[in-house]
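Participant: This is the structure I want to talk about, given as structure tokens.
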Amino acid sequence: MRPKLSLALIAAIVVLVAFTIFITWRAKKLDLSLRKSGENPSLTGQMAPDFSLPAVGGRTISLADYRGKKKIVVSFWASWCAPCRLETPALKEFYEKHHNDSENFELLAVSIDSDRADAEAYAAESRMPFPVLLDLNTTASHAFGVNAIPALFVIDERGKITYEHTGYDGAIALQLARQLGLNDNSGEGDSADGDSSH
């Protein structure tokens with residue numbers, strides 16, 4: 001005579017099987033996502049995709065507005081992104097140190113938040129001194145191939161992308177100074193030589 005399985009044991013087996021299937025599916029999905037992100041071609045050397053986005057404060061800013069006039073740093077971020085919150089103070093300090101009316105660059109902080117209020121609240125809370133644009137439908141971020149944030153691009157006066165970086169970089173001020181041809185005496189040494197640009 002075979003022993004009967006209790007309902008609790010059967011339920012535990014079903015839960016274990018379901019959990020195993022879910023974990024396997026999730027791991028495959030993550031692996032596929034990582035492979036795809038590694039396959040994204042670099043935009044360095046290519047013309048930057050143009051965009052026209054509403055800015056916090058009401059006006060609309062287009063990337064084309066700066067073509068032939070200034071170098072542009074485009075930083076994609078979101079209020080819910082922890083690495084973005086680490087990067088914001090560094091970008092703010094860099095901008096306040098190097099930007100004035102005679103400088104030949106502008107920094108555009110492009111929020112990919114789906115809720116305008118969240119982006120505006122974080123921009124106000126962190127006192128971003130540069131233009132904050134709202135990419136509520138992620139059209140600009142898709143055009144730039146952004147699949148992780150923070151994502152940063154440097155665009156020259158002709159509109160070509162000269163540098164791109166994804167993820168938080170503790171030496172971002174040195175990298176930006178180098179890419180924009182500015183003198184940055186922040187005393188951080190040459191730790192930015194570990195360039196992880198794409």
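Quick note: the coordinates plus some simple rules give every number you see, no bench work behind them. In this text the structure is predicted, and so the values were computed from the model without any measurement. With ideal geometry, Cβ positions are generated from the backbone for all residues, glycine too; neighbour counts draw on all protein chains shown.
Participant: Among ASN100, CYS84, VAL110, which residue has its Cα positioned farthest towards the positive end of the charge dipole of region 52-131, with +1 placed on the Cβ of Lys and Arg, -1 on the Cβ of Asp and Glu, and the dipole taken about the Cα centre?
Facilitator: ASN100
Participant: In region 52-193, what percentage of the DSSP-assigned beta bridges are antiparallel, given to the nearest 5?
Facilitator: Taking every DSSP beta bridge within region 52-193, about 60 percent pair in antiparallel fashion.
Participant: Which far-off residues, 5 or more places away or on another chain, put their amide H under 5 Å from the one on THR162, with H placed in the peptide plane?
Facilitator: Correct list: GLY45, VAL154, ILE155, ASP156.
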